[in-house]
Amino acid sequence: MMTGRATSILQLAVIVCFVSCAAQAASIVYPQIVVGGGYETVLTITNSGSSTLILHPIVKQRAGESFPVKANGILIGDYENWTIPRGATFPYVLTGDEVARPGYLILEPVEGPGEEQIATSIFFRSVSAGRVIDLVASYPAQAMKKAVFPVDRSAFADTGIALLPTDSPNILGPLRFTLLDQAGAKVQEVELGYSGHTPLMVAEIFEQIPTPFLGSVVIECPRDFYLLVLRLEVAGDSIQLTGVPPGRREPVLASPIRRLPFRVTDAEYSTVLDRIVAVSSDPHRLYLLEPVSGTEKHIDLSGAPYCVSVSPDGRYAAVGHKKSLSYVNLEQATVEKEIPVTAEPADVVLAGNGYAYIFPGVYVTGELHCVQISTGTETLTSETPPMVGSGGKVHPGGNSLYFVADRQYVGKYNITSGTASRLYWQHGSPSASLGDDLWISRDGTRIFMQTGAVLSSSDVREQDLKTISELGAGITHLSEAESGGILVLIPGRKQWSDDLHDDEIHVLDAKSLDFQQRRRFPSFLPDRDIRSHGKFVFVNKDTTRVFVILQADELSGLFSDFGILVLDRATLEITTL
């Protein structure tokens, strides 16, 4: 029998490419690599697409710990990216130190073509012996709960498998293995449980498998798993390993979430253009997104954006950078001006009066930065509360700016002359936070605080900033439809001690604030249970669609962790992308 020898080979040689074929950019997963102690893993990537491919490599050991791995002599770090130009083929030789260590490699697409335009080959070699074991016929694989594969067993050939959980906890079980003979009759059925990456020979699973044997094996598990099948044939000192793609016994799931090739720093909506306006720090860009069709334009920025604000007419945007401000023409998709400023922004508000207002992101005592767009003149408004952690919104009337500061002050500026002048501000409850953002109703009569408090808005001081209602939850983000009389919001914490329920969307009547609908967001990936957290929500111009920018739970380990979900406004049903 060749079981013991073949198993040891399998433990070192299970390095065939697994491609998790989700919609849009898909992760490429190598369930096992071996480096160090005289072993190398050689990976070759071909980008046959028409755009540059950027991949983020993540190298871990079986329990999720990092370990030192070099690619072409350069240590793979947390912020390392691999860039393959269009049409190019790049090799990556993965090496370690003097100790042989197994692990796994995940390549998270950052930017570039889909998986159908990415080709990979991978093999393992022993440097000290000068011998190469080449695992040919690498194949794409899906996470699955049920699979079948053929078994051809003889005195010189056997079949081995490698199982890998798709997520944490790294437990597979109970796994049901069913052995079928050549005619499809059941020979044996066993139920086993494993944890982490597990290489096995078929004979280690079934006690009753004879030699020779021709038949098949069906694997079923309540949790998703990756499966690699290898046929091993031994003749003297020669070893031949061939990948055998397993058959998937369930339909491939399409993701309702369109993954974005960038991470969203901030976002607003232009109703006149019917586009999401989002900014990202890697790369430094402003994006105009049309979620229904999936089309996008981008505008390169000179530096990392901290925040973005769209003008009331929806045709311009102001982007806050460290010590500068970009003024963007959204219709022409160009940066019209870059204005130097003295502030490092926490928030920026672009009003319709030719000014942008910057709330500083570092602790200062009472300074709002007022920037005249046409001249670039910056004026500081003092006699206000501490501005750290501040945010604000222009009142729909255009003459005032409401703000929240330091999580405990809320107030109002007059901006009719451009440079803001303080009208008044007040302290919130000494025992409760006000949050660090606010939203104003389209009719200008109500202010929604991040904690769920609803305040009045009025030109009469005695009637302004009075608590008039309370929502049932805090607010992560809120939008009001231009027509239809509804508010859509992503819940947040009312106070820091509360549970966060940002994995669902709520619809309220805009006038009465009565609750109407709720929907929980789907898993971020269709073949893994990954919680989706809502970050921004918008309603399109004709109030037929709701757009939600989502982020995958940080425990997922995804590098490309932002996406867009499109919902039907009337039913909150998912719209097919």
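Taken together, the values in this text are just the output of simple stated rules run on the coordinates, not laboratory data. These figures come from a predicted structure and were not determined experimentally. Here the Cβ is made from the backbone with ideal geometry for all residues, glycine too, and neighbour counts use every protein chain on show.
Here are a few things to note about the model shown:
- Using the Cβ-Cβ distance between Lys60 and Asp274 with R0 = 45 Å, the FRET efficiency computed as 1/(1 + (r/R0)^6) comes to roughly 0.60.
- Stretchable slack from Arg422 to Asp443, in nm (0.36 nm times residue separation minus alpha-carbon distance): 5.3 nm
- In this label model, Arg263 and Lys337 are separated by 3.2 nm, measuring between points 7 Å along each Cα→Cβ vector.
- Cα extents for the range 466-537 along the principal axes, largest to smallest and rounded to whole angstrom: 45, 33, 17.
- Förster radius 22 Å - calculated FRET efficiency between Glu573 and Asp542 (Cβ-Cβ, nearest 0.05): 0.80
- Using 0.36 nm per residue and subtracting the Cα-Cα separation, the extra length available between Glu504 and Gln208 on full extension is 101.5 nm.
- Spacing of the modelled spin labels on Asp459 and Gln516, each 7 Å from Cα toward Cβ, amounts to 3.0 nm.
- With a threshold of 21 Å on the Cα-Cα distance, the over-threshold entries among Lys146/Lys186; Lys393/Lys466; Lys511/Lys541; Lys412/Lys466; Lys60/Lys145; Lys337/Lys535 are Lys60/Lys145; Lys337/Lys535.
- Across the range 185-226, the residues whose backbone nitrogen lies under 18 Å from the label position 7 Å along the beta-carbon direction of Ala155 are 210-214.
- Note, ³J(HN,Hα) from phi for the range 396-408, Karplus 6.51, -1.76, 1.60, rounded to Hz, x at Gly and Pro: x, x, x, 9, 9, 10, 8, 9, 10, 9, 6, 6, 9
- Each peptide in 459-471, 207-219, 543-555 gets a packing score, the mean of other Cβ atoms within 10 Å over its residues, and the list from highest to lowest is 543-555, 207-219, 459-471.
- Site pair Thr52 and His298 shows an inter-label distance of 0.9 nm when each label is modelled 7 Å from Cα along Cα→Cβ.
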